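Written below as structure tokens is the structure these notes are about.
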Amino acid sequence: MWEHPPRVDFAYSPEDERFRLELRAWLTAHRPERAERVPHDAASLADEVAFLRDWQRRLYDAGYVGLLWPRAYGGRGAAPTQQAILNQELARARAPQLINRVGVNNTGPTLIAHGTEAQKQRLLPPILSGEEIWCQLFSEPDAGSDLAALRTRAEADGDDFVLTGQKVWTSYAQFAKWGILLARTDPSLPKHRGLTYFVLDMQSSGISIRPLTQLTGSQEFSEVFLDGVRVPRAHVVGAVNQGWEIAMTTLAHERGTGFAFKEQVLQKIAVEDLVGLARARGRARDPDVRQAVAAGWIDVEIMGLMNCRTLTRLERGEEPGPESSLVKLFWASLTQRLHELGLALEGPHAALVAGSPHAVDDGRWQQAFLWSRVGAIAGGTSEVQANIIAQRILGLPR
């Protein structure tokens, strides 16, 4: 006789639903009059950063930043379900992202898990308000996909380490007060072992920042050059030469807990907008278009189920595991397919970008398409995610 499988309940608790309704009401009353804009020069980027900083401060004052952080460090000590609801509702309202998301999503959880009490007390509280912006200094020109191949050196010198090297693809480096940085402290050890995790004061002598212009025209990414930069030992996170394990905590949060709930809702909105675009372009009855939109809808629902699995893990007090790579890889492919379909529906108008009088939706799909290419690179390339899945989930050999 067949046994019935255990029932899976996807409903949120009454307390969580009250939180959702309160948040929706607040967003209705306080959401900025516009969403994020893509800056096209240094002046407009600075204006956008100021706008986003103000938005984060308003969210913080309302108690909606750092929900999962302990109250001792300025957080709310909330359940992971409420953080998921926050991400969902912000996306549904099409509200701007946090300017300090590296600090809130990556730095904060890492320092809470591995930092000293002195580091937590000094560094954590200003993250939430946006008072001190953080950047992430991991990738290098020859160590992006293979992060452990990084060559930035950190040599011990008394109470300091002296850093020399180059980092790249550093978001908002020119606006950051602090950075989390991975450097090689012992080149004689295997490449995953001789690394140390540092907190870097971005105003230190010897740091040069050169913005990079992207396909979108924006310059929020930069190259960062380190020429004899001194970092006190007190700014080492965890043990010397044990930085790889700490970096994995950062990357697991970057790939699996910070963006996934928000992006699931954003991709659902994209599917709904694709339906409207297909109707507007006279393609709603095209069977190929209908199948492509239906496939997108199914994939968005699958991503939602993946997020439920992540949420269950967090509710149990567990750290994100290698499954976060599965979510990240799935999302990167999904967002590219959806926005490629958007351009296909526009036909010849797909070549027109924002500012053109004949651009569809003022070039919104073109901009989103270009950004979708980032998803397969940022936080670890899709190829890297596939290798992690193969080795750490499926148990396949290297």
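Here, each number is a calculation from the coordinates, and none is a lab measurement. Not measured: the values here are computed from a predicted model. We place every Cβ from the backbone using ideal geometry, glycine too, and count neighbours over all the protein chains shown.
How high is the relative contact order of the stretch 248-398, given as a whole-number percent (alpha carbon pairs under 8 Å, six or more residues apart)? Display every interim value, and only then the final one.
Details: 149 pairs, mean separation 40.4, N = 151.
Once divided by the residue count of the stretch 248-398, the mean separation gives 27 percent.
If amide hydrogens are placed 1.01 Å from N in the peptide plane, which non-local residues have theirs closer than 5 Å to the one on LEU212?
Counting only residues 5 or more places away or on other chains, the set is PHE221, SER222, GLU223.
Can you work out ³J(HN,Hα) from phi for every residue in the stretch 73-80, in order, using Karplus 6.51 cos²θ - 1.76 cosθ + 1.60 and θ = phi - 60°, giving whole Hz and x for Gly and Pro?
10, x, x, 10, x, 7, 6, x
Taking amide H positions as placed 1.01 Å from N in the peptide plane, with prolines and chain starts having none, which residues 5 or more places from GLU140, or on another chain, fall under 5 Å of its amide H?
Residues meeting the criterion, in which the H sits 1.01 Å from N, are VAL168.
Sequence-distant or interchain residues sharing an amide H contact under 5 Å with THR152, placed H: which?
Under 5 Å from the amide H of THR152 lie the amide H atoms of GLN166, ARG184, each far enough along the sequence or on another chain.
Under 8 Å for C-alpha pairs, at least 6 residues apart: give me the relative contact order for the chain, rounded to a whole percent.
Computed value for the chain: 13 percent relative contact order.
Please state the relative contact order of the stretch 76-195 as a whole percent: Cα pairs under 8 Å, 6+ residues apart?
Reported as a whole number, the value is 22 percent.
Find, among the trypsin sites (Lys or Arg not before Pro) in the stretch 193-298, those assigned to loop by DSSP (not H, G, I, E, B) with at most 11 other beta-carbon atoms within 10 angstrom.
Working: sites: ARG193, ARG230, ARG233, ARG255, LYS262, LYS268, ARG279, ARG281, ARG283, ARG285, ARG290; in loops: ARG193, ARG281, ARG283, ARG285.
Loop-located and lightly packed - ARG285.
Return the sequence-ordered ³J(HN,Hα) values of the stretch 204-212 in whole Hz as given by the Karplus equation 6.51 cos²θ - 1.76 cosθ + 1.60 applied to θ = phi - 60°, using x for Gly and Pro.
Running phi through 6.51 cos²θ - 1.76 cosθ + 1.60 with θ = phi - 60° gives 5, 5, x, 9, 10, 10, 10, x, 10 Hz.
Please work out the C-alpha center-to-center distance from the stretch 27-67 to the stretch 202-263 and express it in whole Å.
When both Cα centres are located, 22 Å separates them.
Output ³J(HN,Hα) for the stretch 267-277: one whole-Hz value per residue in order, computed from phi by the Karplus curve 6.51 cos²θ - 1.76 cosθ + 1.60 with θ = phi - 60°, and x for Gly and Pro.
Using θ = phi - 60°, the values come out as 6, 5, 4, 4, 4, 4, 5, 5, 4, x, 5 Hz.
Okay, helix-only estimate at 222 nm for the chain: each DSSP H run of n ≥ 4 adds -39500 (n - 2.57), divide by all residues, round to 500 deg cm²/dmol; what do you get?
Values: 12 runs with 173 residues, N = 398.
Taking each H run of at least 4 residues, the total per residue is -14000 deg cm²/dmol.
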